[in-house]
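See structure below.
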Amino acid sequence: SRREGFSAIPNVKWGDVGGLDLLRKEFDRYIVRRIKHPEDYEEFGVDMETGFLLYGPPGCGKTLIAKAVANEAGANFIHIKGPELLNKYVGESELAVRTIFSRARTCSPCILFFDEVDALTTIRGKEGGWVVERLLNQLLIELDGADQRRGVFVIGATNRPEVMDRAVLRPGRFGKLLYVPLPDPDERGLILKALARKKPVDADVDLLAIGRQETCENLSGADLAAVMNEAAMAALEEKQTLGQCSSDAKTWTIKSAHFEYALKKIS
Ligand code: ATP
């Protein structure tokens, strides 16, 4: 596994993200253009939030969109998992927080992504006790050092915003809250299309119509990725079993029947 604070420009493109148009616009304004044209913001003396909290149900693209933002901006991306940071030996997690921010400054422009950030910022005195408290204090110190944080944007992600210490959600910290909802019927189709980009989906398959089906009700992006994978696997197996028997060179694709099968299996 990669070491803590490993940084690189992610290879997730905007086209890999289905739906979430509003979020894309917000991040374009708040992060991408600021990284690309910092001089404009200097000139106009514009001061804007640099910390964001993505919240909403699991598997709806929080990590994906954060990576796409970094890719679009040509920025480095550091992925920190809240619980992993917390599980470091007592005292070491504070040092780790300092190290992470200093690494982010070194490789700026950089997006520092805290997954399951609620683990680090749970209301004080509850759950983790003083370990969380000290870690949280260190995190606040780093977040407040905005002047020294030039070119470093912080994005947190959580499924449980309600358990987070309010102090973390102030401006300058994870100050801008952005909701990442379950996809609606049309967005489900757009997600399927994004997931199909690098797969041999048959031209006859209407992914938008599949997304609107009742069987897709309440499916998250992650669920739809599982559906796509099952459908691809079914098509692949068909090719491997039937392909040997047929003599003519045929193109094997993922067809409607494979999606129907996959949807039954997933739900
Ligand atoms: P968690 O809260 O569980 O960490 P998350 O919101 O960060 O979830 P992601 O890790 O971004 O979710 O999504 C998991 C996978 O689901 C992605 O790698 C992708 O395959 C698929 N997925 C989710 N949302 C989308 C989307 N909007 N467009 C395309 N694929 C998506």
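Provide a single number: the residues in region 9-53 that are in contact (Cβ under 8 Å) with a residue 24 or more places away in the chain and open to solvent by 40 Å² or more (accessible area, probe 1.4 Å).
Total satisfying the criteria: 8.
So residue 119 fits all but one of (1) within 16 Å of the ligand (Cβ to nearest atom); (2) modelled with pLDDT of 90 or more; what number is the exception?
Exception for residue 119: condition (2).
Answer yes or no as to whether residue 182 is among the aliphatic types (A, V, I, L, M), within 21 Å of residue 52 (Cα to Cα) and either surrounded by fewer than 20 Cβ atoms within 10 Å (Cβ to Cβ) or within 16 Å of the ligand (Cβ to nearest atom) (or both).
In short, yes.
Which members of region 143-158 meet the condition of being under 17 Å from residue 118 (Cα atoms) and either touching a Lys or Arg at 6+ places or on another chain (Cβ under 7 Å) or open to solvent by 80 Å² or more (accessible area, probe 1.4 Å) (or both)?
143, 157
Tell me, which helices (runs of 4 or more DSSP H) wholly within region 198-266 include 1 or more residues that are at pLDDT below 95 and closer than 22 Å to residue 59 by Cβ?
Values: elements: 207-212, 221-242, 256-266.
Once the helices (runs of 4 or more DSSP H) in region 198-266 are filtered for at least 1 residues that are at pLDDT below 95 and closer than 22 Å to residue 59 by Cβ, what remains is 256-266.
Can you tell which of 198, 239, 255 is open to solvent by less than 90 Å² (accessible area, probe 1.4 Å) and over 27 Å from residue 159 (Cα atoms)?
Numbers: 198 fails: open to solvent by less than 90 Å² (accessible area, probe 1.4 Å); 239 fails: open to solvent by less than 90 Å² (accessible area, probe 1.4 Å).
After applying the criteria, what remains is 255.
The values are calculated or read from the model by the stated rules, or taken from the named source; none is laboratory data. Since the model is a prediction, treat every value here as computed from it, not as a measurement. Note that each Cβ is placed from the backbone with ideal geometry, even for glycine, and that neighbours are counted across all protein chains shown. Side chains included, ligands, DNA and RNA excluded: accessible areas come from the protein's heavy atoms. Shrake-Rupley method; radii C 1.70, N 1.55, O 1.52, S 1.80 Å.
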